[in-house]
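K.L.:
My structure is below; once you've seen it, I'll send some questions.
What follows draws every value from the coordinates through simple rules; no lab data is involved. Keep in mind the model is a prediction, meaning the values are calculated, not measured. Cβ sites come from the backbone with ideal geometry, for glycine too, and all protein chains shown count toward neighbours.
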Amino acid sequence: MEANAVHGSAIENLVQEMASLLTAKQFRLATAESCSGGGIASACTDLSGSSAWFTGGIVSYSNQVKQQLLQVPESVITSYGAVSAECAAAMATGAMRALATDVAVSTTGIAGPTGGSSEKPVGMVCFGIATANNTWTDIQYFTGDRYQVRQQTIAHALTLLVNQLNDL
């Protein structure tokens, strides 16, 4: 996705599509967000009637919150880092458990402009999606400034949710 390709209407359309799928399946959604700072939860609650399918979210910006509220094992953070597919998977399953939902999505990454490294550059974002039967992860490398990386993160998380919900 191009850095400037994410518009509010695209995110709104994704939320509406996801809401229809969640409603049809009678699923409830939770979010666990780090680099997106609650942006996915905000996009969800922008849609009137979202309380029918959105339970809530946990903004787990610090490792302490990841461990305490989402039950991400310290060994995952020590071995793989907070920005990793392993951490994203644990965050998603932790949010699903903590908020008693059918599906959860997580994001953890480096929105920039600082904080990147050669191994984990600015724009690297890890995603997790959890259901009762499976957990999926994805890693993307976005470009642009902090706002653009975060907007792309929100749009990609919603796209992953729509795709996974369509496959269930």
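K.L.:
Tell me what the chain gives for mean residue ellipticity at 222 nm when only DSSP H runs of n ≥ 4 count, each as -39,500 (n - 2.57), the sum divided by the residue total, rounded to 500 deg cm²/dmol.
P.N.:
Calculated from helices alone, the mean residue ellipticity at 222 nm is -14000 deg cm²/dmol.
K.L.:
For 14, 22, which order do you get if you count the other beta carbons within 10 Å of each Cβ and list the fewest first?
P.N.:
Final ranking by Cβ density, sparse to dense: 14, 22.
K.L.:
Answer with a single label: of (1) 12, 44, 35, 9, 0; (2) 10, 40, 39, 11, 0; (3) 10, 30, 28, 21, 9, 1, which was calculated as P(r) over Cα pairs in 10 Å bins from 0, in percent from the structure in view?
P.N.:
(1)
K.L.:
Note down the magnitude of the dipole of the chain about its Cα centre, charges +1 on Lys and Arg C-beta and -1 on Asp and Glu C-beta and zero elsewhere, to the nearest 20 debye.
P.N.:
280
K.L.:
Right, another one. Just to be sure I understand: of the beta bridges DSSP finds with both ends in segment 1-138, what percent are antiparallel, rounded to 5?
P.N.:
50
K.L.:
Right, here's the next one. Output the peptides 139-149, 31-41 sorted from most to least packed, where packing is the average of other Cβ atoms within 10 Å over each peptide's residues.
P.N.:
By packing density, highest mean first, the sequence is 31-41, 139-149.
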